[in-house]
Amino acid sequence: MTPTSRIARLDSVTIDCNDPETLAAFWATVFDTREDWRGGDPVQYIDLSETGWSPRLRFQRVPEPKTIKDRIHLDLRIDDIDDVSARLIALGAQRAPGDDFREFDVAFRVMLDPEGNEFCLVMEGD
């Protein structure tokens, strides 16, 4: 595909939430990044700077609570599933109900961010 045939480029991954400040602070710590922009008073949007290992994340205030499983979620590649789980729980995450599972020599653990959005810890090998 040539550069002129591109239709668009990814601007951000946007996460609907009730409290963008709390959720942005959680994910900024996870990805070791910082707030790059905020809009609205009270704040309606917060962007986190993209890094070499994550795209720009945008947190958008919405009035309705999360009600069903997310169709899109973040997978976080990690080295130690138990250590990372404990660190994330200390930041306000929770482990989702259910057991870890393994597919194609990859271990998965489903977690929930402080607003209950699913994300997976992904660890290759043992």
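The values are calculated or read from the model by the stated rules, or taken from the named source; none is laboratory data. The structure displayed is predicted, hence computed values, not measured ones. Please note: Cβ atoms are built from the backbone with ideal geometry, for glycine as well, and neighbour counts cover all protein chains shown. SASA here: full protein model, heavy atoms, side chains in, ligands and nucleic acids out. Shrake-Rupley method; radii C 1.70, N 1.55, O 1.52, S 1.80 Å.
As a summary of the residue check, ILE7 satisfies the conditions (1) part of a strand (DSSP E or B); (2) open to solvent by 90 Å² or more (accessible area, probe 1.4 Å) except for the one numbered (1).
Taken over the range 29-44, the criterion of being touching a helix residue (DSSP H, G or I) at 6+ places or on another chain (Cβ under 7 Å) and free of Cβ contacts under 8 Å to residues at least 60 places away in the same chain is satisfied by ARG34, GLU35, VAL43.
Annotation note: of ARG87, ARG58, the sole residue that is closer than 17 Å to ASP113 by Cβ and touching a residue at least 12 places away in the same chain (Cβ under 8 Å) is ARG58.
Pairing each residue of the range 6-25 that is without any contact (Cβ under 8 Å) to a residue 12 or more places away in the chain with any residue that is among the acidic types (Asp, Glu), provided the two are 6+ apart or on different chains, yields C-beta distances under 9 Å for ALA25/GLU35.
For the range 1-21, which residues satisfy the criterion of being under 13 Å from the mean Cα position of the chain (by Cα) and not charged (D, E, K, R)? Break it down into steps so the answer makes sense when it comes.
Here is the first cut: in the range 1-21, the residues under 13 Å from the mean Cα position of the chain (by Cα) are 12-17, 20.
Those that are under 13 Å from the mean Cα position of the chain (by Cα) and not charged (D, E, K, R): SER12, VAL13, THR14, ILE15, CYS17, PRO20.
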